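Working notes, structure below.
The values are calculated or read from the model by the stated rules, or taken from the named source; none is laboratory data. A quick note: this is a predicted structure, and the numbers were derived from the prediction, not measured. Here the Cβ positions follow ideal geometry from the backbone for every residue, glycine too, while neighbour counts run over all protein chains shown. For the accessible areas, the whole protein counts, side chains as well, though only heavy atoms, and no ligand, DNA or RNA atoms are used. Shrake-Rupley method; radii C 1.70, N 1.55, O 1.52, S 1.80 Å.
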Amino acid sequence: MTRGEFGIFLSGSYGVGKSSTLEHLADRFAEADLPFSLFDVDWFHRSWPPAPTDPRNILTEADNIRAVWSNYRRTGPRTPISAGVISSVEDHRRYERCFEMPLRIMHLTASSEVAEQRLRGRYTASQRRALEWHLDDHQRLARELHRFTHYDLVVDTDHSTPAEVAAIIFDHCVP
């Protein structure tokens, strides 16, 4: 690990704009000619059925992230930029072990009304089950994330576009 090297992790409940902000943050890094690699954490644990020894697929997710990160690192130094959920010190440590560097956690928030509106816009009629699950759980997860206090920055996304949120994070993280 190079001195001063760190990753950026966009954390938040469902519907706060993590994935959309991730894309815009990548654009900011590219425009500044700064090397990066993107990780939407959901894609590293989406498999079924989970192993009996890993019912939440977190071990599989960590192994997958480490493997992809290793491939990216072979192309040269870069900043990992991730979107997912860090709700505990254990989660934070697991992701830091995956990337072998400290992570700056950006907590994205949104009101229940805005998050629900965004979730309803994300899913089609054939994805009703996924929509209902996310609607049922997003407030619980938001409360859990509110109790975790190890954030480098908290950004309310209610009245900001993903590009504006990305600009705030970029300005906070890049000197």
Sorted by accessible area with a 1.4 angstrom probe, largest first, how do TRP43, TRP69, TRP48, TRP133 fall? TRP48, TRP43, TRP133, TRP69
Taking the full set of protein chains and a 1.4 angstrom probe, give the accessible area of THR53 in square angstrom, rounded to the nearest 10. 120 Å²
Express the carbon and sulfur contribution to the solvent-accessible surface of the stretch 13-140 as a percent, rounded to the nearest whole number, probe 1.4 angstrom. 50 percent
Calculated from backbone phi, Karplus (6.51, -1.76, 1.60) coupling profile of the stretch 79-93 in Hz, x at Gly/Pro: 9, x, 10, 10, 10, x, 10, 10, 10, 8, 4, 4, 4, 4, 5
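Is it possible to state the helix-based mean residue ellipticity at 222 nm for the chain, with each DSSP H run of 4+ residues giving -39500 (n - 2.57), the sum divided by total residues, to the nearest 500 deg cm²/dmol? What is it? Walk me through the numbers before you get to the answer.
Numbers: 6 runs with 85 residues, N = 175.
-15500 deg cm²/dmol, from helical runs alone.
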Determine the per residue accessible area of the stretch 42-175 with all protein chains present and a 1.4 angstrom probe, expressed in square angstrom. 62 Å²
Name the long-range amide H neighbours of GLY7: under 5 Å, sequence gap of 5 or more, or other chain; modelled H, no Pro or chain starts. LEU103, ARG104
Phi-based couplings in Hz for the stretch 134-149 (Karplus 6.51, -1.76, 1.60; Gly and Pro marked x): 5, 5, 5, 9, 5, 5, 4, 5, 4, 5, 4, 5, 5, 6, 7, 10
Amide H to amide H, which residues 5 or more places from ASP40 or on other chains are under 5 Å from it, using H placed in the peptide plane? ALA83
Specify which residue in the list VAL174, LEU103, ALA32 is farthest towards the positive end of the charge dipole of the chain, using unit charges on the beta carbon of Lys, Arg (+1) and Asp, Glu (-1), about the Cα centre. LEU103
In vacuum, with every alpha carbon of the stretch 38-175 counted as one equal point scatterer, what does the Debye formula give for log10 I(q)/I(0) at q = 0.13, 0.15 Å⁻¹? Two decimals, please. -0.69, -0.93
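Of PHE6, PHE39, which has the most accessible area with a 1.4 Å probe, and how do the rest follow in descending order? Spell out each step's value before the answer.
Numbers: PHE6 40, PHE39 0 Å².
Ranked list, largest accessible area first: PHE6, PHE39.
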Near the amide H of SER111, under 5 Å away, which other amide H atoms are found, from residues 5 or more places off or on another chain, if H is placed in the peptide plane? ASP158
Net dipole in debye of the stretch 1-140 [+1 Lys, Arg Cβ; -1 Asp, Glu Cβ; about Cα centre; nearest 20]: 160 debye
Using θ = phi - 60° and Karplus 6.51 cos²θ - 1.76 cosθ + 1.60, couplings along the stretch 49-55 (whole Hz; Gly, Pro as x): x, x, 5, x, 8, 9, x
